[in-house]
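Some notes on the structure that comes next.
What follows is calculated from the coordinates using simple rules that are stated; it is not laboratory data. The structure presented is a predicted model; accordingly, all values stated were derived computationally and were not measured. Positions of Cβ are backbone-derived with ideal geometry, glycine not excepted, and every protein chain shown enters the neighbour counts.
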Protein chains: 2
Amino acid sequence: MAKPIGIFDSGLGGLTVARAISGAFPAENLVYLGDTARVPYGTRSAGTVVKYAIACAERLLSFDIKLLVVACNTASGVALAELQARLDIPVVGVIQPGARAGIKATRTGRIGILATAGTVASGAYERAIHSESEAMKVFARAAPLFVPLAEEGWVTGEVPELAARRYLQPLADVDVDTIVLGCTHYPLLSETIHRAAAELLGHDVAIVDSAAATAATLSTMLAGSSIAAGPPGSLQILVTDLPGQFGSAASRFLGKPVDGLDIHAIDL
Amino acid sequence: MAKPIGIFDSGLGGLTVARAISGAFPAENLVYLGDTARVPYGTRSAGTVVKYAIACAERLLSFDIKLLVVACNTASGVALAELQARLDIPVVGVIQPGARAGIKATRTGRIGILATAGTVASGAYERAIHSESEAMKVFARAAPLFVPLAEEGWVTGEVPELAARRYLQPLADVDVDTIVLGCTHYPLLSETIHRAAAELLGHDVAIVDSAAATAATLSTMLAGSSIAAGPPGSLQILVTDLPGQFGSAASRFLGKPVDGLDIHAIDL
């Protein structure tokens, strides 16, 4: 059997990345680890997140993965270099792909980032964008309420619209033309974010989804010969805690029912 | 020195309980443990919460505490009996005091509970209320967005008001006259909750704060002679992670600046 691709996230949000990878490479086998017992990472210190990321990576290595995707923006921001130094396989985060897609999308060179407080504080998107193109102006804002809104399923309507407007106003004030969704939960709110941004700015805004951008990156990471071909691959899900509302939340992020999926609760 | 009172919570919300205890018993020394590395407990399984609660209690026992307050509704709901069985000192949760205060406040016998999904699923408030008074009608609803709203400091204004109305509508539909705030974060939103409830119901509603109710209970738990007297007691804060925004969040819950407080990061 072809070696699987390993993916981890602090929780279930990274299933949006698994979904994008599965869509782009349908024959690949995926092993997804959601550290649901310790979610969220976004409010924790860098040292704690690095420790958790190493534990997740080590568990996935036991599945003989050929590539590791860090599908968590917070962990990508603070732990990617450490993981790349420790592991013998390619390790890809969601920030560099999101940053590149943002640069590609912008016409004015003014890019907004919406992310968790932890990702914003890490400055990871600014660094990633400036490492590619120094001239870009980057404006990052925390939008912490988007995570519980996505998990609640409150993705359209008054409350998410008001929250979106409140978070987007500072980005509208500096006249960005592109907004990178720097948290795997946020794509569920992308329609509301898109509409609020266009209203506040008075013109259309490109919304960049890091999950899709990361999936697109994998084709260059995997040598042509190592991309699996054939029948649809499997998706195995490991979680460190199995909360009551697991099914509904997971299927929201995955975009399909989780019934019949291969799901195991593990200890880390 | 008098033995301290130990208090733990999944995070910083329990500081509202520490504040209430300190107000009622100013000479007591308090040791507060906030498990900020593993917050929130409300979305985790019962087994995981019991494991975490035991770890917190064991750490506090090393301070030779005379009484343990479980200032976390989720842990009170699923781990109190286990802690009481294991420990030789009195252990008090926030649910029984909140339940009793709700019974005392209601005139119609129709009590609403607002809490995290975990606390609601545990059925702990229903059990606590019915163990005192079988005739009471109890209606519990999860209000998960209140936690990030309190942490963001969005406690008044449009977004919390809309969220409050959405969460309170089912309680208004069943015509409660009393609402118990079954999560230590919610007292920060009590003004907004009070107003929204009164508007939806068309009459005033009693809002019961479990933190204040728990502090009031301690006088009966501590024998008269073991209540500390004398100069103001100390407050020592232990946290399992020290996030960047610790100061502003902690002072919001504590109701005063945290500068000059005795704060240590520990591993559990």
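In nanometers and ordered shortest first, the copy-to-copy spacing of the residue B:216 label point, defined 7 Å from Cα toward Cβ, is 6.0. Peptide packing: for A:256-263, A:172-179, A:108-115, the average count of neighbouring Cβ atoms within 10 Å per residue gives the ranking A:108-115, A:172-179, A:256-263, highest mean first. The other copies place their residue A:134 label points at 8.0 nm from this one, listed shortest first, where each point is 7 Å from Cα along Cα→Cβ.
So if the hydrodynamic radius of the range B:1-100 is defined as the Kirkwood radius over C-alpha pairs, what does Stokes-Einstein give as its diffusion coefficient at 20 °C and 1.002 mPa s, in µm² per second? Numbers along the way, then the final one.
Values: Rh = 13.3 Å.
Rounded, D is 161 µm²/s.
Stokes-Einstein diffusion of the protein assembly as shown at 20 °C, 1.002 mPa s viscosity, Kirkwood radius from Cα pairs, rounded to a whole number: 88 µm²/s.
Neighbouring Cβ atoms from other chains, within 10 Å of the Cβ of residues in A:115-127, number 1 on average. Think of the range A:96-210 as having a plus end and a minus end, set by charges on the Cβ of Lys, Arg, Asp and Glu; of A:189, A:162, A:202, A:202 sits farthest toward the positive end of this dipole.
Inter-chain Cβ neighbour count for B:236-242, averaged per residue, equals 2 (cutoff 10 Å, partner chain atoms only).
Taking the centroid of alpha carbons for each part, the range A:39-104 and the range B:167-203 are 42 Å apart. Placing a label point 7 Å from Cα along the Cα-to-Cβ direction at residue B:81 gives distances to the equivalent points in the other copies of 5.2 nm, listed shortest first.
When A:183, A:72 are sorted by how many other C-beta atoms sit within 10 angstrom of their C-beta, beginning with the fewest, the order is A:183, A:72.
Could you state, as a whole-number percent, how many of the C-alpha pairs of the range B:72-199 are farther apart than 26 Å? Each step should come with its number before you reach the end.
Numbers: 1655 of 8128 pairs.
More than 26 Å apart: 20 percent of the Cα pairs in the range B:72-199.
Between residue A:207 and A:179, the built amide H atoms are under 5 Å apart, and every one of these is 5 or more places off in sequence or on another chain. The charge dipole of the protein assembly as shown, taken about its Cα centre with unit charges on the Cβ of Lys, Arg, Asp and Glu (plus for the first two, minus for the last two), comes to roughly 220 debye.
Legend: mean number of C-beta atoms from other chains within 10 angstrom of residue C-beta atoms, peptide B:36-43, equals 5.
Among B:149, A:238, what is the fewest-to-most ranking by other Cβ atoms within 10 Å?
Working: B:149 26, A:238 22.
In increasing order of surrounding Cβ atoms, one gets A:238, B:149.
Kirkwood's formula applied to the C-alpha pairs of the range A:115-185 gives a hydrodynamic radius of 13.1 angstrom.
Any chance you could tell me what percent of the C-alpha pair distances in chain B go past 29 Å?
On the way: 9597 of 35778 pairs.
For chain B, the share of Cα pairs beyond 29 Å comes to 27 percent.
The residue in chain B that lies nearest, by its beta carbon, to the axis linking chain B with chain A is given here with the distance in whole angstrom as B:148, 3. Local charge for residue B:3 was computed over the other residues whose Cβ lies under 15 Å away, with Lys and Arg +1 and Asp and Glu -1, and equals -2. The three principal axes of the C-alpha atoms in the range A:165-212 carry coordinate ranges of 26, 17, 15 Å, sorted with the longest axis first.
Amide H to amide H distances under 5 Å link residue A:184 with A:73, where only residues 5 or more positions off or on other chains count and H is placed in the peptide plane.
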